[in-house]
Structure formats: C-alpha cells, structure tokens
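Colleague: The structure follows.
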C-alpha cells in the first residue's frame, strides 16, 4: 500500500537534519519545521510476497507545510493525489477527480491526523507509539530512523518503517504485516518557495 | 459513491478485519444461469504481466491494478488499488484456488471473476473448449477472441494487439455482453 503517502504528507519537517554529532531525536525535532516546501522526484518499488517482479512507479512530489501534499505519479500510468487535512483528491489519467472530505470520513482523517502528529516529530507521541531506533553513520552524514509500532492501529498494519536521510529524506522502506515491502527513493530535492503555478497544483 | 474512499478506507479496514484465506471452487459463471469449471492452470511458458484495468459498468468507471505470474501449473493474480493497496491475492495451483481477500470493494468484479476473465484471455482455447457447455465455442480470430453460446451469440469479446501465436497474448479489452461490463486493459510493463 502507499502508506508512504501519508508519511510523506506528514514528513516535511524531517527532510532536514543537522550534520553535527550523533543525531538525536531532539535534533531532528528542532529542524523539523524549518523548510516549508520540499520537492523531490521519487521512484517506488512495491514488492508483493510471492510475485516475481515489483510494481515500479516514478513521479514527483511537493510537500508544503501550508498546502499539503501533491503527489504526481508519471509512470506506469498518470495518477495525481492531493492531500491536506481537509480533503484528499485522486485523479487517474483523464478520469474525473475523486474527492473525499474530512467531514465525510472522519475516521480516516483521524487516522491521518494521528500519523501526522507522529511524524511532525511530536516526540511524546512518537515514543508513545513506536519503538525507536535512531542511528547515524560514522561520519554522521547519514541517519536512519527505524519505527516499530507498539500499539494498534499502527501495529496491525506495519512491521516497521525505516527512514534514511542525510540533509534530506532519501528513502522510506515500509515492511507491512502482509509481508509486502515498499521502497521509495527520493532524489533531486529542492526547497525553494512555491511558485504561483505550483500553488495552483494544490487547488 | 466515491471510489477513493474505499482505497483510503483500507487503513480503517485493516484495523477491523484480518485477511481471509479460503479455498474457493475452480468454477465461474458465464451467464446468470451457466456455470463451468475453470481449467487447471498449465503453462508451457512463463507469463508475467502488470496491468491497469479500468472497469466500465452502468456508466461508471473503476480502476484496479493486477499483477499476474503464471508458470507450469501455477497462476497467481494480485489485485491492488490504484494507490497500490493490496485488495486480494489468488493462487491457483493444480486444482486448488486459494484466495486472500484483503479488502472487498463492491464496485469491482469479484476476485474470482477477475481470475476467470484473465484465464479466458491467456489460456489456449484448447484448455477451455472441453469445459464449455454443449454448443458453446471459444474462437480466436486475428486480434480477437470470442466466447459464443449455443445460439451463436457473443458472450465475451476479448481484444489483443497481436494475432494468435505460440506466445501468450496480452489482452487490451474484455467485454462481457451478458454481465454488461467492459474492461480496458493497459499493460504497465
């Protein structure tokens, strides 16, 4: 599943971390909201247990603290997902947009909000819900954060979620309870403010 | 009904139900009153495909991703939402079909119906013909395969890009005249 979309939505703040000494969760937190906009290209491989080839897709995305997530899959077929705390919109090819609003599916958005709170580096929530393993490489250029859910609902869905980054978030690996695995790699990060045209992407 | 909410509701659904692993009968409905056994899978070549299926039914469209692996006596089909959420997995090995239904979406054909349509599309007609009712025919004509009933009416029409050959053809469109749905198929490979 593309739970990573949720993760990405709530991950803007984790895109930047310090390059100092051994990284702590506090340091991650401190850096979390410095950059209001991040763009990146992505490749995703979805490995389904028992199937020979992964499902491969590519595209680009923008995360804005103010506007939400804009996720555009370009291959193997065009799909655009826009998401904020009020609504989610999916467009496939030339088909009409499909929209779900928070007031129509409060349970869903409650769940999103839970994850958002977690990945917005609410340390208390993070430690309450996950067993955490934060480490960095010898030269502190890269860090890895492993999240192992401790309680429902997350532990019904995920075995673990692994985030790897340096200055930016570089990779998300999701190991889920169906023994499927999703690997998303981000490249070509940019952090300039949104252009006027880009703002309209979130409409 | 907003299809997207089903995709998104997976997060909730997964909390409420565990996966259902159950064997199902290797049979399929051709019309409301005609049921036949599915052929046991037997492939003399390796077949793999990833497809975007777009169902048209009653003026509405719903999309689904399928992953298909076939080799020797085994056929596996995985259905995913367009966001990559796993909906079902079917393993057909020998004479046993095992279905793992992760999320049920009423707007989409059942997993077993999808399996049936895939098997009608990729298996040689020789494997189907002995199982069809008396007077029914499965015919390959150029870039088309037709299932015709005893009254010479087309029940299912399958389109391909290639004419028949020794290689398994990948379908591009399936139209079921009795059940009234159509599937446009885009290969994702």
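Each value in this text was obtained by applying a stated rule to the coordinates, not by laboratory testing. All values reported here derive from a predicted model rather than from experimental measurement. Quick reminder, even Gly has a Cβ in these numbers, built from the backbone with ideal geometry, and neighbours come from all protein chains shown.
Colleague: Taking springs between alpha-carbon atoms closer than 10 angstrom, which of B:125, B:97, B:178 fluctuates most in the Gaussian network model of chain B?
Modeller: In this elastic network of chain B, the residue with the biggest mean-square fluctuation among B:125, B:97, B:178 is B:178.
Colleague: Under a point spin-label approximation (7 Å from Cα along Cα-to-Cβ), what is the residue A:53-residue B:58 distance to one decimal in nm?
Modeller: Using points 7 Å along Cα→Cβ, the separation is 3.5 nm.
Colleague: Can you compute the modelled spin-label distance between residue B:42 and residue A:22, with each label point 7 Å from Cα toward Cβ, in nm?
Modeller: Those two pseudo-labels are separated by 6.4 nm.
Colleague: Could you give the length gained by full extension between residue B:73 and residue B:127, i.e. 0.36 nm per residue of separation minus their alpha carbon distance, to one decimal place?
Modeller: So the chain would gain 18.2 nm between residue B:73 and residue B:127.
Colleague: Can you run the Rg to Rh ratio on chain B? Use alpha carbon positions and the Kirkwood inverse-distance Rh. It would help to have the intermediate numbers written out before the result.
Modeller: On the way: Rg = 16.2 Å, Rh = 17.1 Å.
Answer for chain B: 0.95.
Colleague: Just to confirm the number: angle between the C-alpha axis of helix B:111-122 and the first principal axis of chain B, 0 to 90 degrees, nearest 10?
Modeller: Tilt relative to chain B: about 40 degrees.
Colleague: Another question about this same structure. Given a Förster distance of 56 Å, report the FRET efficiency between residue A:179 and residue B:152 from their Cβ-Cβ distance, rounded to the nearest 0.05.
Modeller: That pair, residue A:179 with residue B:152, gives E of 0.70.
Colleague: Can I ask one more? With chain B treated as a Gaussian network of Cα nodes joined by springs under 10 Å, which of B:81, B:25, B:166 yields the largest mean-square fluctuation?
Modeller: B:166
Colleague: Choose one answer from B:76, B:165, B:63: the residue with the largest mean-square fluctuation in a GNM of chain B with alpha-carbon springs under 10 Å.
Modeller: Among B:76, B:165, B:63, the largest GNM mean-square fluctuation belongs to B:165.
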